[in-house]
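Trainee: If you scroll down you'll find the structure; I have some questions about it.
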Amino acid sequence: MPNTPSSFARQSVNALLVAGLTFGSWLAHAQTLPTGILPPDSTPLGTTAAGATAAGATPSMALPVQPPLGLVPSPLMPQRPDIGAADAQRTPLVQFRPAKPQAPSQFQRFVQESTGKLLPHFGSNLFENPLAYAADTAAPAPAEYVLGPGDEVRIQIWGGVDFAGSQTLDRNGQINLPKIGTINLSGVRVKDLEDTLRKRIATVFNTVQVNAALGKLRGITVFVVGQAQQPGTYNLSGLSTLVNAVFASGGPGVNGSMRAIELKRNGQTVTTLDLYDFIARGDKSKDATLQPGDVIMIPPAGPRIALTGVTDHAAIYEIKPGSTVQNILALGGGLSSLASTQKALLESIATAPGNAKRQVKNLQLNAAGLAHTLQDGDVLTLLPISPAFANAVTLQGTVAQPLRNTWFPGMRVQDLIPDREALITPEYYKRKNQLVQNRLANLKAQGLTPAQIQAIEKAQQMPEDLALTTEAITQTKPLETETARAGTTVTDRVRGMFDQINWDYAVIERLNKNELRTQLIPFNLGRAIVQKDPAHNLELQAGDVVTIMSSADLRLPIERQSRLVRIEGEVASPGIYQALPGETLPQLVTRVGGLTSQAYLFGAEFTRESVRKQQQQNLDQVVRRLESQLSSAGATLTANLTGDRAAQAANLQQQQQAQMRSQIDRLKTMASKGRVALELDPLKSVVSTGTGTNPAQLVQSLPDLPLEDGDAFLVPSQPAFVAAIGSVNNENVMVYKPNKTVGELIRLAGLTEDANPKTVFVLRADGSILGRQSAGFFSSFESTRLMPGDTLIVPAKVDRETQYNFVVRALRDWTQIFSNLGIGAAAIRTLRN
């Protein structure tokens, strides 16, 4: 139509009339709407922008503000109320419901009875998080999306008429554009939206350009029925597809099908979805966009089989007619390399009429086995491969690299262990490296205090402070303790540095396949490796296990053991020595240079590790015996107390038990040293110029004691004192004088009132104990001659009741007994008369 002045005026008048009528109807309808249903960007009648803001509304709800001078705003006409958009805003999208636990299906229980495992359904774990598969509402709508009531369309028009705004399709699927009128967009696809608008606007205006896009999308309501996890009505996004709806409902239930989910629309089946294609292959070709009112039907499950054994996808699978083993394995990524292809177990249910018994079949997973057709109720078990190595020989024990080695025909022991280096364990080098790597830890292990360690580090940085460092160390560490600790540390380090090899014995473990038992084949390791003796360089077979022993595995003869002995004190060359085969204590002392002139052999201390362990066991046994006696001593004491003393039994019992517990606690803190009494003659074990005894002769007085690993021999210098401790008045150290006797020391120390002279004993310097019973028949205990370093011990009385109190208490008790007997006899005579 040509744009003549008359026609343009007529069109303008018509447009104004339509706009006026539309605006009037909008005002009338807006007055009848409840609060909250007004169109966006509008204000209730009778209010201004300022009034709206003051009333608590947001600024976006106020009337638009006029633009600055020179800017022409786009024409903005009030939108008519859209009931479809309001309904969509009031109806929220689906709130995903948590899945409800369901009881196992009959087939799951059937498989559990057969395999002992409750297998899940394949793919059921994907439905644990439905939100992960929800439609993305922020994504652009696809080109095939069909518009409907509630969808928002954003339109820009310029040319013959200008317009920019958003329109929402009402319940009839229509929008109303100013100066143009009503346009029906229901059923229009997104790709056809601009063409549809352009054609409709062209009926009113010729020269116009149109740009349109979707804004907010409508919500749609669909129905999920059948064997769903949670059937019901679901409000979903307009972009939702069949897959989104299935996951929103929690997926099929335990009896629902995952391979034949139907989408019905207007009574017709739109598509049938196989979830296995989507889960295992990512195929969504059967997926479809949902429309309002669609029905999703999940039918009952079809035939099912179970897959278990060596697979990461052990589950219950739904099969289609003609499904093979290859099809099922392909759903989980194929056959695992850890599963045996030689044998698999297939449990089936016989389908013959009247014969419902189960059958087992061995299935080989080759081409024919993978093409085997499965049937309803089958249970396929994949077996593991054999752990046996076909061409391996294992080397273990005290070796450099305990591992499996490749076997070859004609292989012998020397091929497995080519030289001595193959027998040095990595721990040996690690221990050597730790000597310098863990320097700080080593200093702490030696018992040095933090102040001493700091002084040592400072001296290394400033050598002029070396004297200060030495003073800091020696001031706080006694010489005796430091010497003993240093020797012990060195001994332990040398002993623990290397594991001693048993060169006389190694063994080959071989499986006798005829008798199915392990066969041990021993051989001499030294002759096989060092001497290369063919008689011991045995031929190996595949599967053999060669074990190299050490002294920690089997106790070696004493002659072949590495025996480290620590000798210190008054000897010519103190140190740590390796004892020779069959060497005794006097021989070793002579070999290291003998004793010095200050040696006090009678006070020598010889300790042994095996003796220490035995002594500690005996001490622990004594502690346990005392604890058991403590529990029964109280009852015995209470039963023996009568008369007036019965009331005092409880207090007396508590005091004695407290004393006993304190003694037991002290015993628990004691640790045995493993000292062995050498039983030396006191008169012949001291260097003396008067008797002509020299250090060389003293060594011969030592017992011929065979040495063991860990022995220690300490020869002190001759002390110049004797001591008296216990229940004495003068508990002190006294100067030793030749020919001083025990009686003289008792008189010098003085006994207290609670001392028990009958239990006095002497702890000799050699570790032995001398008491009254061991003094001898022709000699008295008091006339025994003391030696330097002896200690007199005077125990206290256990029962401190005096003799007078004992006699008085006994007379009182007997008097009471006789009195009671007399009263009883008089009573009996009175009764007889």
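The values are calculated or read from the model by the stated rules, or taken from the named source; none is laboratory data. All figures in this text were calculated on a predicted structure; none of them were measured in a lab. Cβ: placed from backbone, ideal geometry, glycine included. Neighbour counts: every protein chain shown. Heavy atoms of the whole protein, side chains included, go into the accessibility calculation; ligands, DNA and RNA do not. Shrake-Rupley method; radii C 1.70, N 1.55, O 1.52, S 1.80 Å.
Trainee: Determine the sum of side-chain charges near Ser631: Lys and Arg each +1, Asp and Glu each -1, restricted to other residues whose C-beta is under 15 angstrom from that of Ser631. Intermediate values should be presented prior to the final figure.
Mentor: Values: positive: Arg624, Arg625, Arg661; negative: Glu627.
Neighbourhood net charge equals +2.
Trainee: Something else about it: Lys and Arg at +1, Asp and Glu at -1: add these up for the other residues within a Cβ distance under 12 Å of Ala400 and post the number.
Mentor: Charge balance in the 12 Å sphere: -3.
Trainee: A further question follows. How about the stretch 539-626: which trypsin sites (Lys or Arg not before Pro) there are in a DSSP loop, with at most 12 other Cβ atoms within 10 Å of their Cβ?
Mentor: Qualifying residues, ordered by number: Arg555.
Trainee: Rounded if a/c is under 1.5, else prolate if a/b is larger than b/c, else oblate: which is the stretch 574-636, with a ≥ b ≥ c the root eigenvalues of its Cα gyration tensor?
Mentor: Details: a/c = 5.77, a/b = 2.86, b/c = 2.02.
Prolate is the answer for the stretch 574-636, as a/c is 1.5 or above and a/b outweighs b/c.
Trainee: Continuing with this model, one more query. Which of the trypsin sites (Lys or Arg not before Pro) found in the stretch 198-253 are loop residues per DSSP with 13 or fewer other Cβ atoms within 10 Å of their Cβ? Please list the in-between numbers first.
Mentor: Values: sites: Arg198, Lys199, Arg200, Lys216, Arg218; in loops: Lys216, Arg218.
Listed in order of number, the matching sites amount to none.
Trainee: Next up: Is the shape of the stretch 717-794 rounded, prolate or oblate, going by the alpha carbon gyration tensor and its root eigenvalues a ≥ b ≥ c, with a/c under 1.5 for rounded and a/b larger than b/c for prolate?
Mentor: Details: a/c = 1.60, a/b = 1.06, b/c = 1.51.
Verdict is oblate for the stretch 717-794.
Trainee: Could you provide, to the nearest whole Å², the per residue accessible area of the stretch 249-325 with probe 1.4 Å?
Mentor: Details: 3080 Å² over 77 residues.
In whole numbers, the stretch 249-325 has 40 Å² accessible per residue.
Trainee: So for the stretch 701-767, averaging the separation of alpha carbon pairs under 8 Å that are six or more residues apart and normalising by length, what relative contact order in percent results?
Mentor: 25 percent
Trainee: Further, regarding this structure: With charges set only on the Cβ (+1 for Lys and Arg, -1 for Asp and Glu), what does the dipole of the stretch 391-437 come to about its Cα centre, in debye to the nearest 20?
Mentor: Around 140 debye, computed over the stretch 391-437.
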